[in-house]
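Below you'll find the structure, written out as structure tokens, and then a few comments.
The values are calculated or read from the model by the stated rules, or taken from the named source; none is laboratory data. The structure displayed is predicted, hence computed values, not measured ones. Because the Cβ atoms are built from the backbone with ideal geometry, glycine has one as well, and the counts that use them run over all protein chains shown.
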Amino acid sequence: MPRNTDADDNETESTATDEQLAAQLGMDLGDEAMPDTEALQELVTQLEGETDPIMSRVLEGLIGTIDQLQDRVEELEAQQEQTHDVATTAVGNAAEAESRLDDVEEQQEETHEIAKSAIAKAQQLEADPDQQEDAETLPEGIEPSSSPLDFFANCRQAKVKTMFVERSNRQNTYRAISVAKRWPEFATERTDGSGVFFTKADVETALTAELGKEPHRQTVKRVWEKLIEIGGDDLVEKTRQVGREQTQTELLAMDAETAEGLVEKRYVGLDLLENGDRKATTGGVTPVVVESSG
């Protein structure tokens, strides 16, 4: 196909004209910076009378257009900065509000415990005037515990942890209590709703959640033994075998009422753990507590 020489010539002439005009105006076509309209206006004024009037009007029009575009660019940049500031402020406010909500919820829970404690202590003093110094006296309507597990599960867990972990180095006992309390998450509920049961795999899963890492097999074994030890009659050891070829699975089962009782927090606010590490009473609020080294 023959080369279109006319088009090439026109393009060359146009480029040359642009370069000549730029040279006359003292502009650099390769410069990507925004043109200085004040300098352009000053140059047009200086060239007034030396250039064609039409060219002068075109240049003045271009200068005005450039001014408007620059103003618009500055306006958009300002809007963008303002939008960014608003977004940043919104994110900061949201984070602050979330933090305040957490604080309010924590304070509300603490206030609830304080109020519950005050009411419980008042009822405790009124329960039996002849035995006001007996720390085992329960306020009216508070059920006694049915096992060491039931007792410690219903006390304030921070105090239970202090007693078993910090004072006597019995972490596995505390872990057993914590696992039992988390039965809604990790135990298996019977289809008829009569109760729940733990397998060793369930206990291992609960310990993983409690410790934040997979427990050692020996830890699972010891916690299982502690559940049996402190569970008393509340926890029943059973076995289950699905098929003849399947190995038997060990279970720790408890009825629905016992399970619900573990999460009632009945003794939160009562001073039942004061020197309670060695308490051993029968038929009272504090059941027999068997001390052990694990």
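Screening the candidates ARG175, ARG217, ARG167, ARG182 for the property of being of a type in the set (D, E, K, R) and over 23 Å from LYS265 (Cβ atoms) yields one hit, ARG217. In region 127-139, of all residues being assigned to a loop (DSSP other than H, G, I, E, B) and not charged (D, E, K, R), the one that is modelled with the lowest pLDDT corresponds to GLN132.
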